[in-house]
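One structure below.
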Amino acid sequence: MNATDDDDVVLQKAASTLLLDLQALINRVLRKENGAVHRRVRERDLDRFIPLLVPFQEDPQLLDAQLKHLIPPLVAAYLDYLRITPRPGLKKKFVPLSHAICRILNLFCNVRGEKVVIGFLNNEPRYLEPVLAEFESGLTVSGEELDAISQKIIPWEERYVLLLWLSHLMLAPFPLASISATHSSEETSKETGIKLPSELSGVVLRVLPICVAHLKSASKERGAAGSLLVKLVLRPDMQKIGMLDALIQWALTSLESFSEGTSDIHQYLGVLSFISGIVASATNQEIGPYLQAIYTKCQLFITSDALAFVRSSAVARKLVIKTLRNVTVHCLQSASSLEGIDTPTVLEEVIDFLLQSLADGDTPVRYAASKALSVITLKLDPEMGGEVVEAILGSLNEDVYWEGSRRSLSGVNPLRWHGLTLTLAHLLYRKAPSTDQLPDILNALLLALAFEQRSATGGSIGTNVRDAACFGIWALSRRYLTKDLLAVQTTSIRASHQNLHSYSVPQVLAIELLVAACLDPAGNIRRGSSAALQELIGRHPDTVQEGIPLVQIVDFHAVGLRDRAICEVGINAAQLYPIYWDAIFENLLEWRGVGSLDTSSRLSAANAIGLLSRYQLFPKVNAMVKNIWQQLDGLASRQIEERHGLVMSLAFLISQSNTQSAAQRAPISDSEANPPPSRSLAELAELTRVWTIFDKTLNLEDKAFISPAMRPELTASAICSLLGALASISVQIIGSNETIQPPSKELVRLLDLCLGRTEESVLQAIPKTVIYTIEALQANASSTVSTVVSAWIDYLEQEASYASRRASGFAIALGAAYSHLSSLPEPDLNSYEQRIIAVLTFRCTAAVDIPARTAALQSLGTLLQEAAARATRSSTTTTNPSSLLPPTSKAKITQALNTALNDYTVTERGDVGALVRLEAIATTEIAWRTALLSGSAGANELHAAVLRLSVERLDKMRVRAAHCLEAGNQEHFEAAISGAADGVSSYAYFAEALGVFSPQSPAWLKKAVMEGYVSAAGMGSESVVQNARMVLVDAMERLPGEGEGEGGSCSLLDVMDILVELLKGSLANDRVLIPAMEVVAFLFDAGVVQRLVGTRFNFRALLSLTQKAHYKSTNINKLHIALDVYRGLAEIDSTRKDVLLKVASMLLHPFPKIRSSAAETLWVVTSDDDLKLHDWAQQPKNLKPAVEALKKRLGAT
């Protein structure tokens, strides 16, 4: 879980806004302004509740404080709706208010739970009759009728909520016979198959068929119907007339008659839910006579082959477990022996069944079994309870093997371990185990906290086991006294590390929880461990080293994001005490660190290992290197992910030492009370012995970098990073006698293999590696450098590399090497520099594929950065940056950037040229920051291209271009959008961009802005088009028609001349032409262009350009836009006659849609009703006479 912010933090910040919106939406949906309830709700309003409520599923307690303000208005509105007569009919796109309310209440049940929501339903007995009548009326509406009106009406949701409400109303404190008169039950008895008393209350006779019918439902109605039936029969007045006996007998008889093929499994589940509810809610006196029969039916469910089809249902197994749990509890609580039941036998059989169910394949069943075992164990006497705990602990020792000094859990059943660990946690929460059993329990919990298995496909198994272990340790910390934990000898806990045997149990638990909270791959485990750690330290003070600071660092929210948990929380906690450092480092080298499944987590772990070394003395760092090296030696060739993590750890570790050397060390901040130690040259020389790792441990074959089966991208990125780290140290200590020289031949081979990869992780590591490798090689043999660079250039000059992304690494390497070839002889140096510039600039053109162009631009960016950085390091006086590159090189780079900024390549993938333009903007930003291209030919064109992109239609392009202009100290658009919600799509941004139109701005700059602006105003997204056009109209309305305006602004004539010039220069480029024509048409519609009548603006030139634009064109969109322009030109006297004749000629266009649009345009500008008399979709030859007659009329006007 790696994101920019934690989900629950985001939810907590947004909760108040969501709840306010929810409250406002409920009020708007339920009632009118006068307080009366609505009769219908719009479907779209109902859909708005889902995004407001669903986010609270992760943290439903946030709703609790507001439920009293949210649910009662829904209930009151529903009761008001029941009084409306007559009811409104169904209407499309609308939902009846009653159903809308029930749907919202169902959403609340899903998020917060029905037990919480039901408490807010009105339980006044006077509402029993209307709610029951409403339920019955809904049964008469057919599903087909509802589907024909709206797919949003889901009948079962309303029935489910009303069944819950009815069960709540059954708590009425007086007999139901006082609410409704008694009637004969004969008909209801036949309908339901239940032997009922001869006379029953009318309410009961109406509720019973409803319950029996909906016990067969496959939805949540089944559980609600069972709950209603339980509450009905357990009422004192119902028990008095024998309803409890009748319903239990009916339920038991129903279970006997079930068989596969003739019975519905949902009916069986409904009856089971009723029996389970009865056993859970009834007292010993009420249910005692039936316990033996119920227990027999449960045993039949477990053993009968005829019920195998029911046993396949997890819901059925869960209900049977709950029933057996309550039957056993009734037996144990009974003061006297129950008829027909042998309590010891029942106890033995139930516990055996529950122990087996702990390995069930369905999580809800395991949860039910673990809870049942804990409840039953708590009711037993201490001796028998201890035997149950021993049985659980014994099960946890099955199939556990030793691997050297460590226990292996690879052979255990993870599902069974989850159930057993969860049972232990429940037992600890109820403080059932004795203190004598704590050593074995702690041993099991520590093993479970680090439980991990990998599936056949490489996925992680065991998260639920670790989650249960967190619950168990939390419960242990909460329920047991400090003296109980301190009395346990750590040496008796076999799962604890030998190094921790001298510490107390709370300290050992704190260390294990710290490791899990910082390193576990699952976010819920990290948070659970953090909560358990807080409970442990809070309940047992002064037993954990640096307890309070540790809790403050390992915060519940801080560990939510894995990268932050590893690299920030873990590192800070490790600095508190040495044992924390040792535990974090040791576990970073295991499956939770460098052995993680995902690459990003392995990189975080490797980075953390480097950070751990920051405050350590060099002997400790040296020991870390040896430890990592030793683990690398023990890896099999197939363990590619582990090797990737360990090699990256070694690279980060060496890089961290290099940054702490005297030459590289940054100035120490005054606020840093404990600065990290500096690394001497002798210590760095000691690290160069890692070069020998390539002799054996990392002596990799070429296939490790090539074969797809061996994940070469991981190997290449790790080796490339390690080469760069080692080379950086070798460069620092050149000339030292203690250093081990880099193996030049192997170094070049590995580097070339890495350069052949195209993955982003490898490409990012290449620049640093190449720079230090070149410098390290130059210290030994400059001829090797010459050979290597020449080979790279030769490869990129081959035409075979043009159409391949595989050359990207070599291109980036050349850019990095450009400024580091100083050891070469002057003629060779100049030759190589010229060849590098020529190769890279050529690869920015359309002669190569898109990926190759982006790589070349990245390389140019690296080249410029390194050139500026090298000049900064070597220069002691102020140097003009523009003199660092030869003029010819600057011109070539500028031309290449201009080419890339104007790359609009379109393929079947779309505008792939946008990738090139984005990369070119990034490189241009570097060039402007470093000022290396100042004064080069084409600098104005470069500025114009970026300015054009800052106002074009693509949002991402505008963002990057605006930032580039800001960085280059050009136009400052970003200040205008600092407070704008829409950013670069806002009105403020476009208004700032049009500020370029002033007499002082050069023509090329204004033309560039216009070219980009028309693409946004003509073809952008909806919000972009709206804001861009609004700004354009507002700006042009403020401009004078001719001459210079107030404040030295341009005139409207100047702007339109630029637009016409843009049209003239883009006749062959539809990318610019179409949006430009769209903007012209819009300006006519807005009445802007008409202000130029009487000025020197050439409307006939605009007419001529419009005609040329669509001449012989088959582009339907362009033809439609041309007609829109003609509609505007028809309002101008000087062009009206020619425009009318031109549009009239388009009435014979080959495309029917164009003929129809031309007729509509003519009718708008002439109001000639004869145009309505013809079908312009006919063949042109049939329309020719009418068109000729029309032309004569138009020519005469």
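Of note:
- DSSP-assigned coil residues among GluC sites (Glu not before Pro) in region 905-973, each with at most 13 further Cβ atoms within 10 Å: Glu908
- Over all other residues within a Cβ to Cβ distance under 14 Å of Ser496, the charged ones net out to -1, with Lys and Arg as +1 and Asp and Glu as -1.
- Relative contact order, percent, region 783-911 [alpha-carbon distance under 8 Å, six or more residues apart]: 28
- Cα-Cα P(r), region 679-719, percent of pairs per 10 Å interval: 26, 36, 25, 11, 1
- Heavy-atom accessible surface of the chain: percent carbon and sulfur, 1.4 Å: 51
- Listed by chain and number, the aspartates and glutamates whose C-alpha is less than 14 Å from the C-alpha of Lys696, apart from same-chain residues fewer than 8 away, are Asp633, Glu746.
- Listed residues Ala469, Leu1102, Leu949: farthest to the positive end of the dipole of the chain (Cβ charges): Leu1102
- Other residues within the sphere of radius under 11 Å centred on the Cβ of Cys102, judged by their own Cβ, net out at -1 (K and R +1, D and E -1).
- Taken over the alpha carbons of region 747-824 as equal point scatterers, the Debye sum produces base-10 log I(q)/I(0) values at 0.11 Å⁻¹ of -0.25.
- Using the 1.4 Å probe convention, the accessible area of region 1117-1196 works out to 50 Å² per residue with neighbouring protein chains retained.
- Those Cys residues of the chain for which no other cysteine Cβ falls under 4.7 Å: Cys102, Cys109, Cys211, Cys298, Cys331, Cys470, Cys518, Cys567, Cys844, Cys964, Cys1050
- When the square roots of the Cα gyration tensor eigenvalues are ordered a ≥ b ≥ c, the ratio a/c for region 308-405 is 1.5 or more and a/b does not exceed b/c, which makes its shape oblate.
- Within region 1008-1164, the ratio Rg/Rh, alpha carbon atoms throughout and Rh by Kirkwood, equals 0.96.
- Compared with the alpha-carbon gap, the fully stretched path from Ser790 to Gln1178 is longer by 132.7 nm at 0.36 nm per residue.
- Using Cβ point charges alone (K and R +1, D and E -1), the dipole size of the chain about the Cα centre works out to roughly 2320 debye.
- In the chain, the calculated helix contribution to ellipticity at 222 nm averages -20000 deg cm²/dmol per residue, counting -39,500 (n - 2.57) for every DSSP H run with n ≥ 4.
- Region 779-915: C-alpha gyration tensor shape, a/c 1.5 cut-off, then a/b vs b/c: oblate
- The chain - share of DSSP beta bridges that are antiparallel (%, nearest 5): 95
- Only Lys, Arg (+1) and Asp, Glu (-1) charged, at Cβ; region 1117-1196 dipole about Cα centre in debye: 300
- Site pair Val906 and Ala967 shows an inter-label distance of 3.0 nm when each label is modelled 7 Å from Cα along Cα→Cβ.
- Listed residues Gly1065, Gly1012, Tyr802: farthest to the positive end of the dipole of the chain (Cβ charges): Gly1065
- Averaging Cα coordinates gives a centre for region 905-959 and one for region 782-853; these two points are 23 Å apart.
- Debye intensity ratio I(q)/I(0), log10, region 761-800, q values 0.14, 0.19 Å⁻¹ (C-alpha model): -0.38, -0.65
- Rounded, prolate or oblate (a/c below 1.5 giving rounded, otherwise prolate when a/b exceeds b/c) for the chain by Cα gyration tensor: oblate
- Once the 1.4 Å probe is applied to the protein heavy atoms, region 523-616 comes out at 34 Å² accessible per residue.
- Proximal charge balance of Pro1075 [Cβ under 13 Å; K/R count +1, D/E count -1]: 0
- Cα lying deepest toward the dipole's positive end in the chain, options Ile553, Ile210, Val594, charges on Cβ: Ile210
- Surface accessible to a 1.4 Å probe, per residue, for the residues of region 318-468, Å²: 42
- Counting only Cα atoms, the size of region 1117-1196 along its three principal axes is 32, 31, 17 Å, in decreasing order.
- Sequence-distant contacts, meaning Cα pairs under 8 Å at least 6 residues apart, place the relative contact order of the chain at 3 percent.
- Here region 609-654 is assigned +1 on the Cβ of each Lys and Arg and -1 on the Cβ of each Asp and Glu. Its dipole about the Cα centre then comes out at about 140 debye.
- Whole-Å semi-axes of the ellipsoid equivalent to region 1013-1093 (Cα gyration tensor, √5λ, descending): 21, 16, 11
- Binned Cα-Cα distances of region 500-620, short to long, each 10 Å bin given as a whole percent: 15, 50, 30, 5
- Kyte-Doolittle mean at least 1.0 and Cα axial length at least 27 Å: DSSP H helices in the chain: 712-732
The values are calculated or read from the model by the stated rules, or taken from the named source; none is laboratory data. From a predicted model like this one, the values you see are computed outputs, not experimental measurements. With ideal geometry, Cβ positions are generated from the backbone for all residues, glycine too; neighbour counts draw on all protein chains shown. Ligands, DNA and RNA are excluded from the accessible area calculation, which covers all protein heavy atoms including side chains. Shrake-Rupley method; radii C 1.70, N 1.55, O 1.52, S 1.80 Å.
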